[in-house]
Amino acid sequence: ARSCGGVTTTGAVKTRLPVNMDAIRRGLVEVTIPGRFQIVPGKPQWILDVAHNLQAAHAFADNLAKLPASPHTWAVFSMLNDKDMTGVARALSPHIDTWLVAPVDTPRSASAEQLIQALREGGVCGDIKPFGNIREAVRFACNNAGENDRIAAFGSFYTVADAMFELGLSIT
């Protein structure tokens with residue numbers, strides 16, 4: 001338990017909630033956060049990760065590298081225009097064969113053109129296809145990926161939320 005001014009976090013929780021320490025420990029071990037390397041069962045396999053900065057992109061790339069090989073990996077990708085799009089592209093480029101890029105529905109979104117430029121600056125060699133929005137990119141991936149392929153949707157909370165909506169997945 002982390003100490004904050006002489007009081008441990010779990011101690012503070014214990015005084016306010018009638019929950020025993022075993023239940024708190026079990027909850028911390030078993031917690032899952034939607035959109036953080038969330039693997040969606042099925043074929044093709046979907047992987048959702050909000051990876052929206054360089055550190056998260058490296059962690060996502062490491063996790064992808066640990067998965068069994070797939071014939072083709074697709075990316076449904078968008079980021080906000082104030083993020084390190086080039087760095088994220090560089091970190092994930094070795095793991096992605098085809099990039100499906102689209103803006104997300106927020107004024108801070110990068111345009112498809114900005115995303116394409118960032119991918120090129122990041123050294124992406126794979127195919128890059130622009131779309132009007134994430135839902136179109138998700139539908140394209142669903143219609144074109146082979147059953148043993150992998151589709152990774154990442155780059156922002158907006159990207160993952162739109163992909164989850166299009167796939168009929170609960171966000172909570």
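The values are calculated or read from the model by the stated rules, or taken from the named source; none is laboratory data. Because the structure is a prediction, the values reported are computed rather than measured. We place every Cβ from the backbone using ideal geometry, glycine too, and count neighbours over all the protein chains shown. When the accessible area is computed, the model is the full protein with side chains, heavy atoms only, and any ligands, DNA or RNA have been set aside. Shrake-Rupley method; radii C 1.70, N 1.55, O 1.52, S 1.80 Å.
Values as computed for the structure displayed
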read-out: Hits in the stretch 65-105 (condition: under 14 Å from the mean Cα position of the chain (by Cα) and at pLDDT below 95); value: none
read-out: Where a residue in the stretch 72-92 is touching a residue at least 60 places away in the same chain (Cβ under 8 Å) and over 14 Å from G126 (Cα atoms) and its partner, wherever it lies, is hydroxyl-bearing (S, T, Y) and open to solvent by less than 10 Å² (accessible area, probe 1.4 Å), with Cβ under 7 Å and at least six apart; value: S78/S156; S78/T159; M79/S156; L80/S156
read-out: Evaluation of A59 against (1) open to solvent by 10 Å² or more (accessible area, probe 1.4 Å); (2) assigned to a loop (DSSP other than H, G, I, E, B) (one fails), failing number; value: (2)
read-out: Residues of the stretch 111-124 satisfying the condition of being in a loop (DSSP other than H, G, I, E, B) and under 23 Å from N63 (Cα atoms); value: G122, G123, V124
read-out: Options E147, E136, E166: the member that is touching a Cys at 6+ places or on another chain (Cβ under 9 Å) and among the charged types (D, E, K, R); value: E166
read-out: When residues of the stretch 15-44 are limited to those that are within 23 Å of L80 (Cα to Cα) and modelled with pLDDT under 60, the one least open to solvent (accessible area, probe 1.4 Å); value: G35
read-out: All positions within the stretch 62-110 that are open to solvent by less than 30 Å² (accessible area, probe 1.4 Å), assigned to a helix (DSSP H, G or I), touching a Leu at 6+ places or on another chain (Cβ under 7 Å) and not β-branched (V, I, T); value: M85, G87, A89, A91
read-out: Condition check for I47: within 18 Å of V138 (Cα to Cα) and either without any contact (Cβ under 8 Å) to a residue 40 or more places away in the chain or surrounded by fewer than 14 Cβ atoms within 10 Å (Cβ to Cβ) (or both); value: no
read-out: Identity of the residue in the stretch 125-172, part of a loop (DSSP other than H, G, I, E, B) and among the β-branched types (V, I, T), that ends up surrounded by the fewest Cβ atoms within 10 Å (Cβ to Cβ); value: T172
